[in-house]
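The values are calculated or read from the model by the stated rules, or taken from the named source; none is laboratory data. Everything quoted here is computed from the prediction, not taken from an experiment. Backbone-built Cβ (ideal geometry, glycine too); neighbour counts: all protein chains shown.
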Amino acid sequence: MSGRSLRRHVTSGLMTGLVAVLSFTAVLALVLILGDLIAKGAASLNWDFFTKNPVPAGQSGGGVANAIVGTGIIVGLAALIGLPVGVGTGLYLAEYGAGRLGWIVRFVADVLNGTPSIVIGIFAWTWLVRPMGGYSALAGSVALAALMVPMIARTTEEMVPRWRSGTHVGGPRSASWREPRSPASSPAAWSASPASPVRRRRCSSPHSAT
């Protein structure tokens, strides 16, 4: 082995070892922090923690019942608003979106998919929170629905051809949404719909939702 080749192997081994040590250190720090949180917080996890509202600062006890209920209300309202719009938009794009209007809708959906959630929040605050005189579950639901719609629409558009190829080859266009039975497409469609509030990311690619 030449001196140059030996030097390259030694350098590669040193860098690999350094990366391994740094990675282990970073993971170890996270594990220690997580372990400390579990050790100190496990004693506070009881039935009252999930069923009682928070208490004023300085007092013991209290829980997060209001946060749990509020989250359920906001996500539920957002799903009622976003799912019909998103699925309907995706079906339109898949079946009738070959023209210029379809291109515009896809472009807007991709832009919204890549828009930071704080921007949507600013619009919701300007158009809903200020006119209503304060924060509300409706304002939060509308903002969350605006984040859900483009992802659901683009994923539904991607899934419709699988529905048609799976069960409705040569059939009418309406069959692709009246009887979606393709095993290959169902999991992706479900994951794009109710789970989209959790899975929302700063990405403009429609394939990221699948």
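What the table below lists for this structure:
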read-out: Residue satisfying condition, being outside the structural domain of ALA143 (by TED's automatic domain parsing), closer than 30 Å to SER136 by Cβ and of a type in the set (Lys, Arg), within set LYS40, LYS52; value: LYS52
read-out: Region 55-74 residues that are under 18 Å from ALA143 (Cα atoms), paired with ones that are part of a helix (DSSP H, G or I) (beta carbon under 6 Å, 6 or more apart); value: ILE73/ALA137; ILE74/ALA137; ILE74/GLY140; ILE74/SER141
read-out: Selection status of ALA98, at pLDDT below 90, aliphatic (A, V, I, L, M), outside any helix (DSSP H, G or I) and over 18 Å from the mean Cα position of the chain (by Cα); value: yes
read-out: Qualifying residue in region 96-108 (condition: in contact (Cβ under 8 Å) with a residue 60 or more places away in the chain and either within 23 Å of GLY140 (Cβ to Cβ) or surrounded by 12 or more Cβ atoms within 10 Å (Cβ to Cβ) (or both)); value: yes
read-out: Considering residues of region 1-20 that are assigned to a helix (DSSP H, G or I) and loosely packed, with under 10 Cβ neighbours inside 10 Å only, the residue modelled with the highest pLDDT; value: SER5
read-out: Single condition TRP127 does not satisfy, out of (1) surrounded by 16 or more Cβ atoms within 10 Å (Cβ to Cβ); (2) under 21 Å from THR89 (Cβ atoms); value: (1)
read-out: Options ALA139, ALA109: the member that is out of contact with any Ser or Thr (no Cβ under 8 Å at 6 or more places or on another chain) and either in a helix (DSSP H, G or I) or more than 25 Å from GLY72 (Cβ to Cβ) (or both); value: ALA139
read-out: Residues that are closer than 20 Å to ILE68 by Cα, exposed (fewer than 10 other Cβ atoms within 10 Å of the Cβ) and of a type in the set (Gly, Ala, Ser), drawn from region 30-56; value: ALA42, ALA43
read-out: Residue list for region 112-136, filter: of a type outside the set (Ser, Thr, Tyr), closer than 30 Å to ASN66 by Cβ and not in a helix (DSSP H, G or I); value: PRO116, GLY133, GLY134
